[in-house]
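Visitor: One structure, pasted below without further comment.
The values are calculated or read from the model by the stated rules, or taken from the named source; none is laboratory data. Bear in mind that the values here come from a model prediction, so they are computed numbers and not experimental data. When we count neighbours, we look across all protein chains shown, and the Cβ atoms used for this are built from the backbone with ideal geometry, even at glycine. The protein model used for the area step is the full one, side chains on, heavy atoms only, and it has no ligands, DNA or RNA in it. Shrake-Rupley method; radii C 1.70, N 1.55, O 1.52, S 1.80 Å.
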Amino acid sequence: MQTSATPTHCPYCALQCGMNLTPVPGGTVEVSERTDFPVNRGALCGKGRTAPALLSSRVRLTTPLVRSGGTLVPAGWDEALDRIAEGLRRTRTEHGPDAVGVFGGGGLTNEKAYALGKFARVVLGTSQIDYNGRFCMSSAAAAGTKAFGLDRGLPFPLEDIPRTGCVILVGSNLAETMPPSLRFFTELKENGGTLIVVDPRRTRTAEQADLHLAPRPGTDLALALGLLHLVVAEGRVDEEYVQARTDGWEEARAAVMAHWPEQVERITGVSVPQLREAVRLFCEPADAMVLTARGPEQQSKGTDTVGAWINLCLATGRAGRPRSGYGCLTGQGNGQGGREHGQKADQLPGYRKLDDPAARRHVAEVWGVDPDSLPGPGRSAYELLDALGTDIRSLLLMGSNPVVSAPRAAHIEERIRSLDLLVVCDVVLSETAALADVVLPVTQWAEETGTTTSLEGRVLLRRRAITAPEGVRSDLEVLHELADRLGVEKGFPTDPEEVFEELRRASAGGPADYSGITYRRLAEENGVFWPCPQGEPGASADGSVDAHPGTPRLFLDRFATADGRARFVPVSHRAIAEEPDEEYPVLLTTGRVVAQYQSGAQTRRVAELNAAAPGPFVELHPRLAARLGAAEGDPVAVVSRRGRAVAPARITTAIRPDTVFMPFHWPGEGRANTLTNPALDPTSRMPEFKACAVRLEAVRK
Ligand SMILES: Nc1nc2c(c(=O)[nH]1)N[C@H]1C(S)=C(S)[C@@H](COP(=O)(O)OP(=O)(O)OC[C@H]3O[C@@H](n4cnc5c(=O)[nH]c(N)nc54)[C@H](O)[C@@H]3O)O[C@H]1N2
Ligand SMILES: Nc1nc2c(c(=O)[nH]1)N[C@H]1C(S)=C(S)[C@@H](COP(=O)(O)OP(=O)(O)OC[C@H]3O[C@@H](n4cnc5c(=O)[nH]c(N)nc54)[C@H](O)[C@@H]3O)O[C@H]1N2
Ligand code: SF4
Ligand SMILES: [Mo]
């Protein structure tokens, strides 16, 4: 047994905190501080600290399961893989290649995301692939691409935050969702900068703010327009910057002028003096930033909303400059890399577009296939899940648990149940895996090597620290075996470094260019920021070719558009898809708590985390609770047009009286997504997780 510590990264969120792992008896590891990684400098949240608990074979899958007579029973690998191959082949023969769907995840390493996308296009020949990142940062990605010509969540490292003058943090509760990152904001304030938090709830993050704006959920677009209106009215536009570095200001300005502060106050509930104060704090210092997270993004107008916040940055000259800029706080462990290498419906590796003939030619050549054989763009995540059992008859799922995390989840669960064949690769028997026809047990972070790309755009090496238990195989091995059984013997290596070498070539010349990055460099340099094209041979001291230093800061000289100028997007406010009415008078918003991760499939299996956050709840204001006659802890039913959920009341003045909040980490009666509205953003196809109309009912005990 290896006994020395292996430096690696956390399996959970996009901060990708560094940690050291030392093997201990019992097939698991001990976590210790890894201080050389600059993002967390050794600090970890409870999830990262307890992650090894899931390596123990008691809580995880260690043998394939196949459905037999209605129940899942243990099976050998060959039997399970043969059954999958046969089922997929049958679907394709009977219904065509697009009847097979693939669903991936932003937690998968770059190598897995790349291999999964290639598997769908080359082996299955299906266009029907998408992933859970669609539910995550897709609106910010769409808005960033429109405005800057490129989507990299943060165009600068987190270490720039303490050096700016003001940060507006829109709909992020990072004190709970990325706790070690709070340090950057504490340092900002120590340096004399100010923090503005925009959240309908006074969260732990909002408590740190110099100014907390608490808009009605789903009104961030109006809020941003109101602020920009005041910027114009108060003569705070940076005309020189707008002239030199942007296009489209006249149209955007015209759209903004229709949004009067008084009207914005009526829509958002944020008072005009507060709007003025926010503009003053944002505009007075030489530098400032806007950072968005899921609050404003998970809306049926998320793309326009983020566009409006970007407009605010552009009009005030706060983008593409040192210490100033717009950024999105990406969420999942590989939320950034997972959106770059081809598991998205419209995309090829290197952040290339599937409908771009040159991109198709380039990638087809790397894959050794005819460009014309590559399918076109497919459906977005919700649309794909909604088509299960109708157009799509079989689904291969890797790295997501949609029974808990998809909007309108009862309907999606029904769709999943109506499939001819569901295959789930997972480390545990998630709620979705429990519905599968075949479940394959796979290796996890500490048992396999791979790369992830953090929210900073920093490509990192996650290293294997221990040997996986007997009976489990890696996702790459699964794809290799299935490809082989479906007649593609070459092109699906099981060694992650070999996959990465191919990914480098496939991404070369694309927007997310990794061609200058190698495993060796990642090990030596503590990560490399993309784009990192391959240098000229001999350019580096040792004569190797990988000499490009990587790109920690983007857009300083020019934006990534054809002419180098950023684009304003003219946007106007519109209502949420489902406004409250007499029957459903209250707004529901959803989100996270610190001790649980996502659908909870992993963290609900960790005793310490479960003790800290044992179940769902409905957060509501005392006034709403009084009207309902509910006391703290009483069960409350929340009813929407999609269904009904019940959870204990958590009464607090920290939330607006017209809004209730539920975390989405639990299945069953308290499942928040039973209620949520799948109204989609027209551009990003993001569902409206953050606002729908509900009514509350007291539940007799
Ligand atoms: N503990 C924990 N950490 C995580 C995760 C987890 O599940 N658990 N998941 C990871 C992932 S994938 C992601 S995407 C990130 C998400 O990280 P965050 O975006 O910080 O998480 P959320 O709690 O979904 O939403 C943030 C805040 O948005 C607010 N909000 C709700 N509606 C609105 C609105 O209309 N406007 C505005 N401005 N705010 C609103 C909520 O009150 C909430 O406090 O976290 C990552 N880290
Ligand atoms: N109401 C509401 N719903 C939401 C959100 C919200 O704010 N509100 N947020 C949305 C967002 S931002 C996100 S990102 C999604 C996330 O929701 P999900 O997509 O459900 O994400 P996870 O719970 O992380 O699911 C990952 C699954 O893959 C497994 N897994 C982990 N690592 C691996 C691996 O390497 N290989 C394989 N094969 N499996 C692995 C885990 O055990 C788990 O079962 O939820 C979305 N749903
Ligand atoms: S903040 Fe995120 S990356 Fe860091 S330890 Fe917690 S879950 Fe892991
Ligand atoms: Mo996410």
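Visitor: Would you grab the residues whose amide H sits under 5 Å from the one on ALA647? Only those 5+ places off in sequence or on another chain, please, with H modelled 1.01 Å from N.
Guide: Here VAL636, VAL638 satisfy the definition.
Visitor: What's the longest piece of the chain with no exposed GluC sites (Glu not before Pro), counting a site as exposed if DSSP puts it in a loop and it has at most 16 other beta carbons within 10 Å?
Guide: The answer is 235-469.
Visitor: Here's something else I'd like to know. Once you sort the root eigenvalues of the Cα gyration tensor of the stretch 232-291 as a ≥ b ≥ c, which label holds: rounded (a/c under 1.5), prolate (a/b larger than b/c) or oblate (the other case)?
Guide: oblate
Visitor: Using alpha-carbon positions, what is the distance between the centroids of the stretch 394-437 and the stretch 92-146, in Å?
Guide: Cα centroid of the stretch 394-437 versus Cα centroid of the stretch 92-146: 15 Å apart.
Visitor: Can I ask one more? For VAL660, enumerate residues with amide H under 5 Å from its amide H, sequence gap 5+ or separate chain, H modeled in the peptide plane.
Guide: HN-HN under 5 Å from VAL660: LEU587, LEU588, THR589.
Visitor: In nm, give the distance between the simple-model label positions of GLU284 and ASP78, each being 7 Å from the Cα along the Cα-to-Cβ direction.
Guide: Simple spin-label model gives 7.5 nm for this pair.
Visitor: I would also like to ask the following. Mind counting lysine pairs for me in the chain? Cα separation below 27 Å, and the two need to be 8 or more apart along the chain or on different chains.
Guide: So the count of such lysine pairs works out to 21.
Visitor: Starting from the Cα of GLU239, step 7 Å along the direction of its Cβ; do the same at ALA631; then give the gap between the two resulting points in nm.
Guide: Each label point is offset 7 Å from its Cα along the Cβ direction, giving 6.5 nm.
Visitor: Please give the FRET efficiency for GLU524 paired with ARG58, using the beta carbon to beta carbon distance and R0 = 45 Å, rounded to the nearest 0.05.
Guide: That pair, GLU524 with ARG58, gives E of 0.75.
Visitor: What number, in percent, do you get for the relative contact order of the stretch 138-328 if the mean sequence gap of Cα pairs under 8 Å and at least 6 apart is divided by its residue count?
Guide: In percent, rounded to a whole number, it is 31.
Visitor: Once the piece of chain linking GLU30 and ALA562 is laid out straight, how much longer is it, given 0.36 nm per residue of separation minus the C-alpha distance between them?
Guide: Answer, rounded to one decimal: 186.6 nm.
Visitor: Also, quick follow-up: Over the Cα atoms of the stretch 399-470, compute the convex hull volume and normalise it per residue, giving Å³.
Guide: 108
Visitor: Give me the percent of accessible area attributable to carbon and sulfur for the stretch 1-129, probe 1.4 angstrom.
Guide: C and S fraction of accessible area: 50 percent.
Visitor: Let me ask you something else. Which values of log₁₀ I(q)/I(0), to two decimal places, follow from the Debye formula for the stretch 155-224 at q = 0.15 Å⁻¹ with a uniform point scatterer at every Cα?
Guide: Summing over Cα pairs of the stretch 155-224 leads to -0.46.
Visitor: Also: Over all directions, what mean area does the Cα convex hull of the stretch 4-120 project, stated in square nanometres?
Guide: Convex hull of Cα atoms, orientation-averaged projection: 10.3 nm².
Visitor: Residue by residue through the stretch 454-460, what is 3J(HN,Hα) from phi via Karplus (6.51 cos²θ - 1.76 cosθ + 1.60, θ = phi - 60°)? Round to whole Hz and write x for glycine and proline.
Guide: With the stated coefficients, the stretch 454-460 comes to 6, 4, 7, x, 9, 7, 10 Hz.
Visitor: So what does the Cα-only Debye profile of the stretch 71-127 read at q = 0.31 Å⁻¹, as log10 I(q)/I(0), no solvent term?
Guide: -1.10
Visitor: For the chain, what is the accessible area per residue in Å², given a 1.4 Å probe and the full set of protein chains?
Guide: Per residue, the chain has 34 Å² of solvent-accessible surface.
Visitor: Report the Stokes-Einstein translational diffusion coefficient (µm² s⁻¹, integer) for the chain, Rh taken as the Kirkwood radius over Cα pairs, at 4 °C with viscosity 1.567 mPa s.
Guide: Answer, rounded: 51 µm²/s.
Visitor: Sort out for me the Cα centre separation of the stretch 563-600 from the stretch 22-55, rounded to whole Å.
Guide: Cα centroid to Cα centroid, the span is 34 Å.
Visitor: Which percent of Cα-Cα pairs in the stretch 138-328 sits in each 10 Å bin, short to long?
Guide: Histogramming the stretch 138-328 at 10 Å steps yields 10, 41, 40, 9, 0 percent.
Visitor: Mind pulling up the Rg/Rh value for the stretch 608-701? Radius of gyration and Kirkwood radius, both on Cα.
Guide: Answer for the stretch 608-701: 0.99.
Visitor: How much of the DSSP beta bridge set in the stretch 138-328 is antiparallel, as a percent to the nearest 5?
Guide: If I count the DSSP bridges inside the stretch 138-328, around 5 percent turn out antiparallel.
Visitor: Something else: Taking every DSSP beta bridge with both residues inside the chain, roughly what % is antiparallel (nearest 5)?
Guide: Given both bridge residues lie in the chain, the antiparallel proportion sits at roughly 50 percent.
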